[in-house]
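First comes the structure, then the notes that go with it.
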Amino acid sequence: MNWKPRITSLIASALAIGTTLAFTAAPASAAYPDKPIRFIVPFTPAGATDVVARIVAENIAQKTKATFVIENRPGAGGNIGMSTMVHSPADGYTIGMIVTSHAINMSMPEKPNYDVTKDLTAVSMLCKASNVLLVNPKLPVHSVAELIKLGQSGKTALNFGSAGNGTSPHVAGELFKQMTHVKMTHVPYRGAGPAMIDLISGNIQLMFSSIANSVPHIKHGDVRALAVTSTERSPLLPDVPTFAEAGLPGYVVEGWLGIVAPAGIPADALSWLRQHISVALKDPGVIKAIDAQGLQASSLPPEKFQAYIDSEVEKWRRVPKTDN
């Protein structure tokens with residue numbers, strides 16, 4: 001199936017009617033699910049998290065008698081939507097998207113009113129993502145080693161932008177500071193777009209950004225890519241080294257997306273969701289559509305996914321999130 005026009009059409013429809021869109025294949029049966037499943041996406045329509053949720057929901061709807069109702073609940077770095085999901089009835093009829101920032105938020109100064117290690121049921125990981133370290137072309141560095149040398153010298157003021165406090169690009173920068181002792185100041189923006197504009201214009205000197213959003217600017221020469229934060233090179237940027245290859249072994253920041261539900265949902269609901277999500281993630285069309293977002297399909301069962309979430313919370317708890 002050609003997913004690109006299909007997904008574009010779905011997004012356009014969602015924007016036309018508001019932020020709610022239902023996927024259905026046939027009337028519900030008596031067994032679970034016997035009514036629509038509310039699928040909360042804690043970010044705006046058309047972003048990667050929203051698109052991935054719709055790809056998976058539509059695939060499952062096409063193969064089963066299930067109905068999914070996508071409900072976008074953006075705000076507070078994903079906390080509003082997650083809070084809504086966590087405090088919904090644990091009957092299997094409300095699920096939601098979870099991303100890296102939800103684990104990071106557990107150790108931010110202003111903690112959310114939920115705990116991802118206790119208040120949810122992990123259903124399945126969906127995919128992973130990595131960022132790329134970008135610098136303004138006028139900055140006199142062409143490698144990670146040169147950036148570290150410049151930053152440690154203190155001769156040039158370095159400001160790094162991000163899509164906001166607690167986001168994956170923000171903590172990627174903080175981890176880089178911690179491991180290299182580079183002197184640089186975090187500048188949070190309301191989204192990756194404004195940060196990229198300021199990087200291109202030279203108002204900030206560097207930023208960590210999602211690979212998919214960065215490729216056009218890299219190819220156009222607006223920014224310079226130094227390294228990707230994953231353990232392997234990205235197919236979208238095959239000529240850009242990993243941090244290990246660039247001389248900073250141990251530096252890895254992988255973003256991730258998954259599906260969760262309120263704590264204590266019925267076992268049959270969890271089993272059904274896990275089974276059909278697993279099948280969807282093996283579908284070549286789904287894999288291709290996720291790849292097009294600069295992400296890599298990656299499945300983990302409930303127990304392993306919860307352990308992974310817990311490890312991410314602990315990992316980011318150890319990284320200072322200050323600007324000094």
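The values are calculated or read from the model by the stated rules, or taken from the named source; none is laboratory data. In this text the structure is predicted, and so the values were computed from the model without any measurement. Counting neighbours? That spans all protein chains shown, and the Cβs are built from the backbone with ideal geometry, glycine included.
Observations on the model:
- Every residue from region 273-292 that is more than 20 Å from the chain's Cα centre (by Cα) and over 25 Å from Ala31 (Cα atoms): Pro284, Gly285
- Val215 being closer than 26 Å to Glu110 by Cα and hydrophobic (A, V, I, L, M, F, W, C): no
- Looking across region 170-191, the residues that are closer than 18 Å to Val141 by Cβ, in contact (Cβ under 8 Å) with a residue 60 or more places away in the chain and among the aliphatic types (A, V, I, L, M) come down to Ala172, Met179.
- When Thr67, Thr84, Thr44, Thr94 are screened for being touching a residue at least 60 places away in the same chain (Cβ under 8 Å) and not acidic (Asp, Glu), only Thr94 passes.
- Filter result for Ser298 (within 30 Å of Ile218 (Cβ to Cβ) and among the hydroxyl-bearing types (Ser, Thr, Tyr)): yes
- Pair list, Cβ < 8 Å and 6+ apart or interchain, from region 192-215 residues that are under 13 Å from Gly173 (Cα atoms) to residues that are β-branched (Val, Ile, Thr) and part of a loop (DSSP other than H, G, I, E, B): Gln205/Thr156; Phe208/Thr229; Phe208/Val253
- Near pairs, Cβ below 7 angstrom, 6+ apart or cross-chain, from region 146-169 (closer than 30 Å to Ala76 by Cβ) to any residue that is among the hydroxyl-bearing types (Ser, Thr, Tyr) and surrounded by fewer than 24 Cβ atoms within 10 Å (Cβ to Cβ): Asn159/Thr185; Gly161/Tyr189; Ser162/Tyr189; Ala163/Tyr189; Gly164/Tyr189
- Condition met for Lys128 (surrounded by fewer than 23 Cβ atoms within 10 Å (Cβ to Cβ) and out of contact with any Phe, Trp or Tyr (no Cβ under 6 Å at 6 or more places or on another chain)): no
- 2 or more residues crowded, with 18+ Cβ neighbours inside 10 Å and β-branched (Val, Ile, Thr): qualifying strands (runs of 3 or more DSSP E) within region 205-324: 254-262
- Residue list for region 86-121, restricted to those being of a type in the set (A, V, I, L, M, F, W, C) and either within 24 Å of Phe68 (Cα to Cα) or assigned to a strand (DSSP E or B) (or both): Val86, Ala90, Ile95, Met97, Ile98, Val99, Val116, Leu120
- The sole residue among Val228, Val252 that is touching a Ser or Thr at 6+ places or on another chain (Cβ under 6 Å), without any contact (Cβ under 8 Å) to a residue 40 or more places away in the chain and either at negative phi or of a type in the set (Gly, Ala, Ser) (or both) is Val252.
- Residue list for region 33-78, filter: under 23 Å from Pro266 (Cβ atoms) and in a loop (DSSP other than H, G, I, E, B): Pro33, Asp34, Lys35, Pro36, Thr64, Lys65, Ala66
Condition check ((1) more than 19 Å from Leu281 (Cβ to Cβ); (2) modelled with pLDDT of 85 or more) across all residues:
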residue: Ala12; (1), (2): yes, no
residue: Pro36; (1), (2): yes, yes
residue: Phe39; (1), (2): no, yes
residue: Ala53; (1), (2): no, yes
residue: Ala61; (1), (2): no, yes
residue: Gly75; (1), (2): yes, no
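- Among residues of region 298-318 that are closer than 22 Å to Leu281 by Cβ, none has a beta-carbon under 8 Å from a residue that is at pLDDT below 95 and of a type in the set (Asp, Glu) at least six positions away or on a different chain.
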